[in-house]
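Before any comments, here is the structure.
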Amino acid sequence: MESTRLPGKPLADICGRSMILRVLDGASLAEPDRLVVATDSRLIEKEVVSAGYEAVFTGAAENGTGRVFQAWEILGRPGDRIIDLQGDEPLVQPEWIQALAGEIMPSNSVVTLARQISSESAVDSSVVKVVLNSSGEALYFSRSVIPWGADSVLQHLGLYCFTPESLSRCASSVPGPLSRRERLEQLGWMENGVVIKVVPGNWNALGVDTPADLEEVRKWFADC
């Protein structure tokens with residue numbers, strides 16, 4: 001709700017339905033065992049519950065993973081897979097969630113998604129890039145274009161699948177120097193020994209950070 005570039009964005013209208021409900025509508029198509037919004041905003045809680053979805057009210061959190069962990073504990077630590085989907089991804093498709101949940105996961109691991117984009121599209125520091133090893137595991141995440149000189153790069157999409165063990169570890173991990181430098185919490189997990197498996201694909205994602213992003217998303221919905 002306190003986004004500096006787009007204040008109140010979870011409740012921003014997208015063709016007659018708020019952004020957070022668009023995210024929930026898309027995620028529900030994957031038929032998850034449970035779909036819950038974790039929030040510290042009573043306005044978001046009211047919006048979600050009024051639409052027939054479930055919400056859990058958390059305290060303040062330093063980041064999204066901390067909020068997910070709080071919600072998971074409040075709910076009684078359910079499930080053997082916990083998927084963290086941000087509330088500003090209204091183009092979410094069920095295939096995203098199915099791809100995350102379908103990976104075989106060691107207990108101390110996390111799964112996330114990435115897609116190929118041109119290097120020209122990746123210059124913006126808000127576009128997070130990732131490079132992988134031969135096993136499809138993340139070697140490094142950066143706001144800079146990596147690898148140097150490539151025509152195309154892998155853009156990281158900020159959603160994750162945790163095991164109970166990896167969620168607990170990631171939520172309690174202390175950011176290291178790389179994480180602080182890049183302002184990317186997932187680097188802190190890696191600095192603390194967590195393995196991040198990356199599933200590349202042609203994911204049609206558009207996170208909403210600015211008014212221009214919001215207008216672009218509205219074009220995707222036919223009833224606009």
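Only the coordinates and a few stated rules stand behind these numbers; no lab work does. Worth saying up front: this structure is predicted, and the values here are computed from it rather than measured. Neighbour counts are summed over all protein chains in view; Cβ atoms, including those assigned to glycine, are modelled from backbone coordinates with ideal geometry.
For this structure, a couple of remarks:
- Going from the fewest other Cβ atoms within 10 Å to the most, the residues SER179, SER28 appear in the order SER28, SER179.
- Ranked GLU185, GLU2, criterion: other C-beta atoms within 10 Å, fewest first: GLU2, GLU185
- Packing-based order for 66-77, 157-168, using average beta carbon neighbours within 10 Å, highest first: 157-168, 66-77
- Computed E for ASN202/ARG42 - FRET, C-beta separation, R0 41 angstrom, nearest 0.05: 0.60
- Model label points for ALA212 and GLN93, set 7 angstrom from Cα along the Cα-to-Cβ axis, are 2.5 nm apart.
- Highest-first arrangement of 9-19, 208-218, where packing means the average Cβ count within 10 Å: 9-19, 208-218
- Label-point separation in nm, ALA222 to GLU31, each point 7 Å along Cα→Cβ: 2.3
- Fraction of antiparallel bridges per DSSP, the chain only, in percent to nearest 5: 70
- Ratio of the Cα radius of gyration of the range 9-209 to 2.2 N^0.38 Å, where N counts its residues: 1.00
- Spacing of the two label points (7 Å from each Cα toward its C-beta) at ALA60 and ASN133, in nm: 3.8
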